[in-house]
Amino acid sequence: MALDRAVKDKIHFKRDVEQEHAAREWIESITGEKFPTEDYEEALHDGIVLCKLMNKLKPGSVPKIHTQGGPIKLRENIGLFQTAARAYGVDASEVFQAVDCFDKHNIQQVTLCIFALNRAAQKNNFDGPKLNYHTKLPVYD
């Protein structure tokens, strides 16, 4: 049990809040909708926001978004998003696992997938907003 907690803590500390903020701003600018909650993980976990994003990048790529129903129905959104993202050009190695998002096991992997989706959008000549994020380089004296 302690090991499980240690692994979760390690993953949590790998999160990059600035990356998450940039991803959120990009998604909101493309979908034209604010996140349903301020909690980044919670807003993404059922896949609704991600499916809406995918449909803005490539209309019709997610034919049906489940907005209500039990966990099984909502979890289907994750699979629909994953399939659409791969078809759009996101490499399978950059697509997160369903548990990373739905069960909030590794939200950083979800964020990295969103960055990969941005790169695919540029390759597909998407003429909407680009995800803007610049890493801060360390300053040495």
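The values are calculated or read from the model by the stated rules, or taken from the named source; none is laboratory data. Keep in mind that this is a model prediction, so the values were computed, not measured. Glycine gets a Cβ as well: all are built from the backbone with ideal geometry, and neighbour counts include every protein chain shown. Surface areas here come from the heavy atoms of the whole protein model, side chains and all, with no ligands, DNA or RNA. Shrake-Rupley method; radii C 1.70, N 1.55, O 1.52, S 1.80 Å.
Descriptive notes on the structure:
- Solvent-accessible area assigned to carbon and sulfur over the chain amounts to 54 percent, based on a 1.4 Å probe.
- When all protein chains stay in place and ligands, DNA and RNA are ignored, the 1.4 Å accessible-area order of K58, K64, K52, K34, largest first, is K34, K64, K58, K52.
- Label point 7 Å beyond Cα of D103 along Cβ direction - residues of the stretch 29-51 with amide nitrogen under 11 Å: none
- Candidates S61, S29, S93: whichever shows maximal mean-square fluctuation once the chain is modelled as a Gaussian network with Cα springs under 10 Å: S93
- Summing charges over neighbours of L112, with a neighbour being any other residue whose Cβ is under 12 Å away from its Cβ, gives -2 when K and R count +1 and D and E count -1.
- Computed accessible area, V99, all protein chains, 1.4 angstrom probe, square angstrom: 50 Å²
- Note on K14 and A87: the extension gain reaches 23.4 nm, defined as 0.36 nm multiplied by sequence separation minus the Cα-Cα distance.
- Taking all protein chains as they are arranged and a probe of 1.4 Å, the heavy atoms of H105 leave approximately 100 Å² accessible to solvent.
- Options [x] 127; [y] 142; [z] 199 - which one matches volume of the Cα convex hull per residue in Å³ as calculated here: [y]
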